[in-house]
Amino acid sequence: MTSVASAVFSETNARPLVSMRFRPAWAYIDGIREFGRFFCETTFGAPDLAERACVIIQETLENAIKYSTKGPNSELELLILAEHGQIEFSVSSLPDPAHIQNLRNELKGLDKLAPEEAYLAAFLRAAREPENSGRLGLARVRYEGNVELSMKEEDGGRIRITALGRL
Amino acid sequence: MKSFTDVSVPAVPGLEVLLSAPNRVTMKGTITLQDGSALSAFFRALHGRARDNKLGEVELDVTSLRFVNSSAIRLFVDWAVWVHGDGAYKLRCRIDRRQTWQKTSFSALIAMVDDAIVVEEAS
Amino acid sequence: MDRERKPDPPSSSKTAWSSHSSGSFKSPSHESQPASATRVAAPLPAPGTTVVQILCSSGSSLLEPTHAYLTAYCKARFGARASDKLSVAIYELLANAIAYGSLGDVVVEILEGTVTPGVRVANNTTMARIGMLNGHVSKLRADPGKTLLDEMKRSSSGTVRPMLGLVRVVHEVGCQLDVSVTGQRVVVTAFSRG
């Protein structure tokens, strides 16, 4: 696995503030989220950012773990980078290939609406389709996290979901 | 007639739930469940009990619920939809606006089903 | 600046000091340092892969949450036995770097070695502290038991000096320690020894 920052940070060769790899297991999320909270609050002195970090880390990791394959190459990687007033959280995973197109479609759908509209639309969809799983997570990342989301396909069937926003 | 407070509270790691007469549910801590079915069943039981006992209102206090994942938010959506569908009572939600998830989620719930939900902010 | 004493992490069986366990290094001269690290030590195990990397600032208050998180991470990834030892090394190396580092990033990494896991901490510091570190590592190599006793006596007032931390890493939890210096950048690596 090669760590890859988004175009914004790769141009500046920004070094990740946090980089970690782990098996795609739900049990890790709480600890990573709370560490992310402490880290952002302490590093940037910004409780608001810490709260945003919690939502972004929780929901992107849940999404990655839910659709991750199992196996020796299925480790997830979380990166946190910050430079020039911007912060980036990214999660790399090895998903079930069928999920990649669904994710691409979902991100495209989110992009068409402003963050708050997209979040409300997700609520309405959840109300209309009680039998379907939530699908609120990415809309929530965008709205509560105040970030824009993108997806990049990497070597070996891996994808990287990136959340980029202002500090 | 079984009391509202007799509903069995599930054991959820990180979450404390208190039922107090005649109609209050207080939730404290965090909800980051992978499988929300136990909580969903609990909310369903509360809904049924409130309806059967003809309670005009259920008070839901989430001011000390520090963090939830989107699967948990989905459970509140479901509950609001049941209340809207039955029209038997209102769900009065006490929130802390300083917690972003509470501010955003309950605003969205009101926008969706304003006849079923009342939101009041803790002072 | 002395650090306050922290309650001891879980104890581990004492391991005999090995002559390969630490590096000493040349005292810096006033000329500019060569680009490559200055190190005099037996080679460590191949460093393996960095699985966690965290940047913080010297003087930051990230020590306790970072230590807690990395200990939990190591326990999940490497098992309780390795993580108990690494936990001491993580704490002591990171505490020293945060307390005594000068301006600049402190970088802590968890390393998945080919045989055992390790921790690496890098920070900038002053020439004076580099000189002190050099002297201490020499003492540690020469007589680790005496160095431990000396540092414990100095610490009996309740404050912990940085060198006691390194002695604990080597003597108490039996980690293999390497110290290298490039200019004013110090890199300390500790591998658990199974």
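The values are calculated or read from the model by the stated rules, or taken from the named source; none is laboratory data. Computed from a prediction, not measured in an experiment: that's the story for all the values here. FYI the Cβ positions are ideal-geometry reconstructions off the backbone, even for glycines, and counts take in every protein chain you see. Please note that ligands, DNA and RNA were not included when accessible areas were found on the heavy atoms of the full protein model with its side chains. Shrake-Rupley method; radii C 1.70, N 1.55, O 1.52, S 1.80 Å.
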Problem set entry | B:Arg97-B:Glu16 FRET efficiency (beta carbon distance; Förster radius 30 Å; 0.05 resolution) | 0.90
Exercise. Which order do C:Glu92, A:Glu153 take by accessible area at a 1.4 Å probe, largest first?
Worked result: A:Glu153, C:Glu92
Problem set entry | For the pair C and A, total buried accessible area rounded to nearest 100 Å², probe 1.4 Å | 1400
Exercise. Let a ≥ b ≥ c be the square roots of the eigenvalues of the Cα gyration tensor of the protein assembly as shown; is it rounded (a/c under 1.5), or, if not, prolate (a/b larger than b/c) or oblate?
Worked result: prolate
Exercise. Between C:Lys146 and A:Arg23, what FRET efficiency follows from the Cβ-Cβ distance if R0 is 25 Å, with the result rounded to 0.05?
Worked result: 0.05
For this session: Note down the relative contact order for segment A:73-133 as a percent, whole number, built from C-alpha pairs under 8 angstrom at least six residues apart.
Result: 20
Problem set entry | Where B meets A: accessible area buried, both sides, 1.4 Å probe, Å² | 1900
Exercise. Mean separation of Cα pairs under 8 Å and 6+ residues apart, divided by the residue count of chain A: what relative contact order is that in percent?
Worked result: 24
For this session: May I ask you to list, by number, the DSSP H helices of chain A whose Cα span along the axis is at least 18 Å and whose average Kyte-Doolittle hydropathy reaches 0.0 or more?
Result: A:29-44, A:47-66, A:115-128
Problem set entry | the protein assembly as shown, accessible area per residue, ligands and nucleic acids excluded (1.4 Å, Å²) | 44
Exercise. Got a sec? Charge dipole of the protein assembly as shown, +1 on Cβ for Lys and Arg, -1 for Asp and Glu; which of A:Ala53, A:Tyr28, C:Gly48 is way out at the positive end?
Worked result: C:Gly48
Problem set entry | Unsatisfied cross-links (Cα-Cα over 27 Å) in the set A:Lys66/B:Lys90; B:Lys2/B:Lys28; C:Lys85/C:Lys146; C:Lys75/C:Lys146; A:Lys70/C:Lys85; A:Lys152/C:Lys75 | A:Lys66/B:Lys90; C:Lys75/C:Lys146; A:Lys70/C:Lys85; A:Lys152/C:Lys75
Exercise. To the nearest 0.05, how large is the calculated FRET efficiency for B:Glu120 and A:Asp155 if R₀ is 41 Å and r is the Cβ-Cβ distance?
Worked result: 0.20
Exercise. Exactly which trypsin sites (Lys or Arg not before Pro) in segment A:83-141 are in a DSSP loop and have at most 13 other Cβ atoms within 10 Å?
Worked result: A:Lys112
Problem set entry | Set of aspartates and glutamates with alpha-carbon distance to C:Lys153 below 17 Å, sequence-local pairs under 8 removed | C:Asp2, C:Glu4, C:Asp8, C:Asp143, C:Glu172
For this session: Can you give me the three principal axis dimensions of segment C:65-139 from its C-alpha atoms, in Å, biggest first?
Result: 39, 27, 18
